[in-house]
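Taking it in order: structure first as structure tokens, then the write-up.
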Amino acid sequence: MPDATGLELLAQELRETEPDAVLETTFFREKGRIAVAPASIPAVLQFLKGKGFTFLASVHGLDYYPDEPRLGVQYELLNMHDVDRLTVTLRVPVDAPEVPSVTPQWPTADHQEREIFDMFGVVFEGHPDLRRILMPEDYEGFPQRRDFPVGGEPILFTQQQAHGTDYTLGVDVPHEGSETPDA
């Protein structure tokens, strides 16, 4: 991992290249993190690629509810030659959750950006195929957001379907739209 001094030197070089990109740096528990402005993410990752961080290991969505900007995206980069790891983060508000896609430069981000879109609602501008990947296309809401209702959907299993009862409401409770089962 870059040490604290190495992280600050890297951030300073990045500030010279992209003046408004770096918002803050954090070195905690032997791990470096650079927080950047959302619009600058493609340029920041390209700069870091030139510094040896050539492997985008993962892209994650985050929800900082109730703080604003609430939604976050986290990029984990690896420098395989120096065996270094660096985290790059950004945050966007719920009312404008837009981030430039890095899929054109980092093809491995394709499905990960789609998953973040599907689960958190972050829109990746310029993504070649931005659509839901885990939930049905007509699904409403974003299940990984912290304000999403837990257990809000009744689940009808096959064994209860024959009787018209709902698993989440109890064995003897009729499922909505079905007739009361004969006992």
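The values are calculated or read from the model by the stated rules, or taken from the named source; none is laboratory data. Predicted model, so just to flag it, every value in this text is computed and none were measured. Please note: Cβ atoms are built from the backbone with ideal geometry, for glycine as well, and neighbour counts cover all protein chains shown. Remember, those area values only see protein heavy atoms, side chains included, never the ligands or the DNA or RNA. Shrake-Rupley method; radii C 1.70, N 1.55, O 1.52, S 1.80 Å.
Out of Leu71, Leu90, Leu78, I need the residue that is among the hydrophobic types (A, V, I, L, M, F, W, C), in contact (Cβ under 8 Å) with a residue 24 or more places away in the chain, within 22 Å of Ala11 (Cβ to Cβ) and open to solvent by less than 20 Å² (accessible area, probe 1.4 Å). Which one? Show your work before the answer.
Numbers: Leu71 fails: within 22 Å of Ala11 (Cβ to Cβ); Leu78 fails: open to solvent by less than 20 Å² (accessible area, probe 1.4 Å).
Just one listed residue meets the conditions, Leu90.
When you go through (1) open to solvent by 50 Å² or more (accessible area, probe 1.4 Å); (2) over 25 Å from Arg146 (Cβ atoms) one by one for Pro66, which number turns out not to apply?
Condition (2) is where Pro66 drops out.
Look through Leu14, Leu48, Leu56, Leu7 and report the one residue that is open to solvent by less than 20 Å² (accessible area, probe 1.4 Å) and either within 17 Å of His127 (Cα to Cα) or assigned to a strand (DSSP E or B) (or both).
That would be Leu56, the only listed residue that is open to solvent by less than 20 Å² (accessible area, probe 1.4 Å) and either within 17 Å of His127 (Cα to Cα) or assigned to a strand (DSSP E or B) (or both).
Quickly run through segment 21-38 and pick out the residues that are at pLDDT 95 or above and part of a loop (DSSP other than H, G, I, E, B).
Ala21, Ala37, listed by residue number.
Could you figure out which of (1) surrounded by fewer than 18 Cβ atoms within 10 Å (Cβ to Cβ); (2) outside any strand (DSSP E or B) isn't true of Ile41?
Result: Ile41 fails condition (1) only.
Can you work out which of the residues in segment 96-146 that are under 18 Å from Gly72 (Cβ atoms) and among the basic types (Lys, Arg) is most open to solvent (accessible area, probe 1.4 Å)?
Arg146
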